[in-house]
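Contents: one structure, followed by commentary.
The values are calculated or read from the model by the stated rules, or taken from the named source; none is laboratory data. Just so we're clear, the structure is a prediction, and the values are computed from it rather than from any experiment. Reconstructed Cβ throughout: ideal geometry from the backbone, glycine too, with neighbour counts over all protein chains shown.
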Amino acid sequence: MANAVNCRNFVIAGHAGSGKTTFCEQILRKGGAIQRIGSIDAKNTVSDYMADEQSRQASIYATPLNCKWKDNQFFFVDTPGYGEFIGQYIAAVRAADAAIVLVDAIDGPQIGTARAWKHAKARKIPRFGLVSRMDKDRADFKAVITQMRKNHGANVVIPLYWPVGAESNFSGVVNVLFDKDIPADIADDVAECRQLWMDAIAETDETVMERYLEGTPLTDEEIRTGLRKSIMAGSTIPVFAASATKDIGMTEFMDSVVEIFPNALEYVPLAGGPSSVKDDGEPFGIVFRSINDPFSGQLAFIRTVSGTFKPDTDVWNVSKNVKERLGQLLLINGKQQTSISEAGPGTIFAVAKLKDTHVGDTLAGGSEVKTLPRINFPKPVMSYAVTAAKSGDDEKIASGLRKIIECDPTISLTRNEETHEVLLSGMGDQHLAITANRLKDQYKVEAVLSTPKVPYRETITSSGEGHYRHKKQTGGAGQFAEVYLKISYNEGGFEFANEVVGGNIPKNFIPAVEKGVTEVMGAGPLVGCTMERIKVAVTDGKYHPVDSNEMAFKIAGRMAFREAIAQAKPILLEPIMKVAIHIPDSYLGDITGDLNHRRGRVLGMEMEEGLQIVQAEVPMAEMHKYATELRSITQGRGSFEMEFARYEQVPGNVASEIIARHQAENQSEE
């Protein structure tokens, strides 16, 4: 293995269809890892080797790859561009020292491009752009650069290589800083880029700035040093041009990876991790991905941050505070696995069958080090109720889904205690459909996904009084209890008060009254949902020294509460979700109109990474299929995030429909 200085680790990202997988194929071919590049249509690419990726003809998983290039070792990860699989990219960014974002030469920056920039920026790693598919008709490098500059700034996005030949005549690239033989038709564009670079380079060092302002030419070494400083500081985003299919601009890109991408010793530190990286010594790394391999079992992918991992040794899972035993260390290119004798800084390797180690865990040589921050995965935005297709398979489904979730933390499996449904949640309908297919293919059990119930709640808008006298006489001791109570709306939640005076109800029976009340509150009068925001005060009652008991007072409390509810004008409440929708500006009118149709409220708008972010509040009942419908409205260019905000009253006309539907369902069950 190469030492850390000669190791380059980067993630490849971009919008779906921007050519990432073909780009990775060409890197592998040029690096000698494969003999010829595969194609997505032929289903023979190295990274898209899973069956569900081949059937969709698109990347679904983050696939670690590696090759050598001119005495340097490259570790890079091909990531999916669809928003529903964003968790794969977020995990890969944690393992990377740099991000190269592909932007399609025809379509320009899109939602997937913006997501890629955003998460790389949050990780504070250097960012690079590459205008891909430059050999295609209608490819327009200059238009793409103009849009990128609009999104990020003219002094930030600067081409490092400019294409030679337009559209289908793309024949090569020139380095705007060092190449001298520049075709006349691009001379002005190259000169402009060189000037922007020289300004950025001068700003990295005061001495260099003084010489530059004095008009003294900078040396090539000063230019190279300043270029790296500017990139590493995040002040600039260099842009390349290439055609992976025709291998134009690829050599220049791969040479630049060696020259200006950070090496493994320049790893951007995280809180809890080492402040400096060492080539040897105690190992320290993070698990950023996990897969269930049909032959090797569970494979954990680890990025070495510092030190060196070795096979057949013990390490400490700092996150779980348990010891793990490493077996073989594997370098993986798709289906191909190669054993290695050590894994130093920057290396991405895999280990099979770790017992207690999962995505996000920190591994180290000892237990005295701090754990790295957990990977911050997005919250699910869509849920289905999941049931077994075959009776008795519920536990098999739960077991299989737990194993899938270990590999994909953007999926969750929960039980909603209010609706009594088991919910499978993820980033969209495609994400969840693929999860169900994996469950069937890998674990041989079929799940049925259906629209989940909305966890409505009920409350009251007025006050009410209730009274119930419970008297039951049997052969022996009877039952007797009498309860008077008052209820009122209480914004702070449920409150129970004992206002009985004179001992008309002994204190030891008051908890039984409360229990009767809470039982009724678990199934309100309108649609049988949980009641909330109610104050209940027991004001009076009677008891019998022989016949009174807890059961009698629970029954009396329950019946008195029901009488009070009937007077207190019960209403239906629904969960309101806070939604952030990321869209190109051209879809703003369509989205706001659709939100109004969904009873949503637009709270505001802002720009980020060239996209409009619409902040809104929308009832949960209107959001179940929003991932699918947003994709349709925006032709796949929109995404959204969603979280619970609060409960609000359902409008009267909508509430009437919900109540009528509930009553009809109850009658049909009877």
Self-check item: Meets criteria (of a type in the set (Phe, Trp, Tyr) and within 25 Å of Val268 (Cα to Cα)) for Phe23
Solution: no
Quiz prompt | Restricting the range 382-435 to residues that are surrounded by fewer than 19 Cβ atoms within 10 Å (Cβ to Cβ), of a type in the set (A, V, I, L, M) and in contact with a helix residue (DSSP H, G or I) (Cβ under 8 Å, 6 or more places away or on another chain), the residue that is farthest from His358 (Cα to Cα) | solution = Ala388
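Quick grid of which residues meet (1) in a loop (DSSP other than H, G, I, E, B); (2) surrounded by 19 or more Cβ atoms within 10 Å (Cβ to Cβ); (3) among the hydrophobic types (A, V, I, L, M, F, W, C):
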position	(1), (2), (3)
Cys24	no, yes, yes
Gly32	yes, no, no
Lys68	no, no, no
Gly81	yes, yes, no
Phe85	no, yes, yes
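Might you check whether a residue that is at pLDDT 95 or above, over 17 Å from Lys471 (Cβ atoms) and not in a loop (DSSP other than H, G, I, E, B) occurs anywhere in the range 554-562? Break it down into steps so the answer makes sense when it comes.
Step one: filter the range 554-562 for residues at pLDDT 95 or above, giving 554-562.
Applying the additional criterion that residues be over 17 Å from Lys471 (Cβ atoms) yields 561-562.
Filter again for not in a loop (DSSP other than H, G, I, E, B), leaving 561-562.
Yes; the residues of the range 554-562 include at least one that is at pLDDT 95 or above, over 17 Å from Lys471 (Cβ atoms) and not in a loop (DSSP other than H, G, I, E, B).
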Quiz item: With respect to the numbered conditions (1) surrounded by 15 or more Cβ atoms within 10 Å (Cβ to Cβ); (2) out of contact with any strand residue (DSSP E or B) (no Cβ under 7 Å at 6 or more places or on another chain), which one is the sole condition not fulfilled by Arg457?
Solution: (2)
Practice problem: Within the range 286-303, track down each residue that is farther than 17 Å from Leu326 by Cα and hydrophobic (A, V, I, L, M, F, W, C). | Solution: Phe295
Exercise. Return the only residue of Thr113, Thr45 being assigned to a helix (DSSP H, G or I) and at pLDDT below 95.
Key: Thr113
Practice problem: Looking for whichever is surrounded by fewer than 19 Cβ atoms within 10 Å (Cβ to Cβ) and part of a strand (DSSP E or B) here; the options are Ala523, Ala497. Which one fits? | Solution: Ala497
Quiz prompt | Residue match in the range 379-393 (condition: under 24 Å from the mean Cα position of the chain (by Cα), among the hydrophobic types (A, V, I, L, M, F, W, C) and within 30 Å of Ile286 (Cβ to Cβ)) | solution = yes
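Among the listed residues Ala122, Ala139, Ala143, identify the single one that is surrounded by 23 or more Cβ atoms within 10 Å (Cβ to Cβ) and either at pLDDT 95 or above or outside the structural domain of Leu611 (by TED's automatic domain parsing) (or both).
Answer to the check: Ala139.
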Quiz item: For the subset of the range 537-553 comprising residues that are in a helix (DSSP H, G or I) and not charged (D, E, K, R), which member is farthest from Ala114 (Cα to Cα)?
Solution: Ala552
Quiz item: Any idea which of (1) over 30 Å from Lys136 (Cα atoms); (2) over 39 Å from the mean Cα position of the chain (by Cα) is the one Glu203 doesn't satisfy?
Solution: (2)
Exercise. Filter the strands (runs of 3 or more DSSP E) completely within the range 359-466 down to those with at least 3 residues that are of a type outside the set (A, V, I, L, M) and closer than 29 Å to Ile581 by Cβ.
Key: 412-416, 421-426
Quiz item: When residues of the range 249-273 are filtered for being aliphatic (A, V, I, L, M) and out of contact with any strand residue (DSSP E or B) (no Cβ under 6 Å at 6 or more places or on another chain), how many remain?
Solution: 6
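Keeping to the range 615-663, report how many residues are part of a helix (DSSP H, G or I) and aliphatic (A, V, I, L, M). Steps first, answer last, please.
We begin by selecting, within the range 615-663, every residue part of a helix (DSSP H, G or I); these are 620-622, 626-633, 652-663.
Subset that is aliphatic (A, V, I, L, M): 620-621, 627, 630, 633, 654-655, 658-660.
Of the residues in that region, 10 qualify.
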Quiz prompt | Filter result for Ile237 (touching a residue at least 60 places away in the same chain (Cβ under 8 Å) and under 16 Å from Glu259 (Cα atoms)) | solution = yes
Practice problem: Can you give me the ranges of the strands (runs of 3 or more DSSP E) entirely in the range 137-198 with at least 3 residues that are not β-branched (Val, Ile, Thr)? | Solution: 161-164
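Can you pull out the residues in the range 563-593 that are assigned to a strand (DSSP E or B), among the hydrophobic types (A, V, I, L, M, F, W, C) and under 30 Å from Ile111 (Cβ atoms)?
Just the residues of the range 563-593 that are assigned to a strand (DSSP E or B), to begin with: 570-583.
Now narrow it down to the ones that are among the hydrophobic types (A, V, I, L, M, F, W, C): 571-573, 576-577, 579-581, 583.
Hits for the range 563-593 are Ile576, Met577, Val579, Ala580, Ile581, Ile583.
Among the residues of the range 565-600, how many are of a type in the set (Asp, Glu), closer than 25 Å to Lys453 by Cβ and touching a residue at least 40 places away in the same chain (Cβ under 8 Å)? Break it down stepwise before answering.
Going residue by residue through the range 565-600, those that are of a type in the set (Asp, Glu) are 574, 585, 590, 594.
Narrowing further to those that are closer than 25 Å to Lys453 by Cβ: 574, 594.
Of the ones still in play, those that are also touching a residue at least 40 places away in the same chain (Cβ under 8 Å) are 574.
Number of matching residues: 1.
Residue-wise test of (1) exposed (fewer than 12 other Cβ atoms within 10 Å of the Cβ); (2) touching a strand residue (DSSP E or B) at 6+ places or on another chain (Cβ under 8 Å).
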| position | (1), (2) |
| --- | --- |
| Thr634 | no, yes |
| Met642 | no, yes |
| Arg646 | yes, yes |
| Gly652 | yes, no |
| Ile658 | no, yes |
| Ala664 | yes, no |
Quiz prompt | The one condition in (1) over 21 Å from Ile340 (Cα atoms); (2) in contact with an Asp or Glu (Cβ under 6 Å, 6 or more places away or on another chain); (3) at pLDDT 95 or above that Ala98 fails to fulfil | solution = (2)
